[in-house]
Amino acid sequence: GTDGTYPFFSEPRPGNLHVFYRYSPQGGYKNPFLGFRNTTDGGDTWSDVVKLAGFPEACKIYRGTYDAASDRVHLLISPRGPLGGRPGAVHCMYAPDTGKLLSLTGAELGPLGTVESFQGNLPKIFEGRVDFVLHEGTPYFFYQEPDGGYHFGYWRDGAWVDMPDTEGRFADLDQLPILQTTDGMHFRVYGITDWRTDNEWVYGGDITR
């Protein structure tokens, strides 16, 4: 409908399609919620709208990816207001088997996720620019802290691991950093842009040996 914006689609199995989106009759800027619908017959019929999380101000789905091994949909949501807002974001996971939103810690953020449940259960709230890549079920994040420094981090063994970037300035496209993952693989950033200044924004990355 016209009130749904910033959709993200995930197809875990042929004909089974998830769609996540921001919904608000006021156009997304007043009390929007993260909505979810599902089809199991290729789009002929759809489930009713499920509200997964609500926010007092505008929010958008910035990034999403599906992990087949764990059957989890990873989402980066960028709400305004108490959780930081653009360019900041929060990460959560959708579990199709339970229909719940989860934190990296495994804590449930619902039945209806709120600012308070996000603040109380997320191991990391990103206050600056952020992107992530999924590798063997673990999301690896590259993000900017309020002091302007870039960091590489992930959740492991009950703790948040934070590693500042020491391998090059991100403003210099000739010195894109290569950062190591937990199993000796590498996270290689391959593009940087910025929606306002065309500079210093993590566009994405991949995993290489």
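The values are calculated or read from the model by the stated rules, or taken from the named source; none is laboratory data. What you see is a predicted model, and the numbers here were worked out from it, not measured in a lab. Heads up, the Cβs are rebuilt from the backbone with ideal geometry, glycines too, and the neighbour counts pull from every protein chain shown.
A few points about this structure:
- L83 part of a loop (DSSP other than H, G, I, E, B) and modelled with pLDDT under 85: yes
- Matching entry among G42, G35 (being of a type in the set (G, A, S), at pLDDT 85 or above and over 22 Å from P111 (Cβ atoms)): G42
- Residues satisfying the criterion are present in the range 119-133 (criterion: surrounded by fewer than 13 Cβ atoms within 10 Å (Cβ to Cβ) and either of a type outside the set (A, V, I, L, M) or at pLDDT below 50 (or both)).
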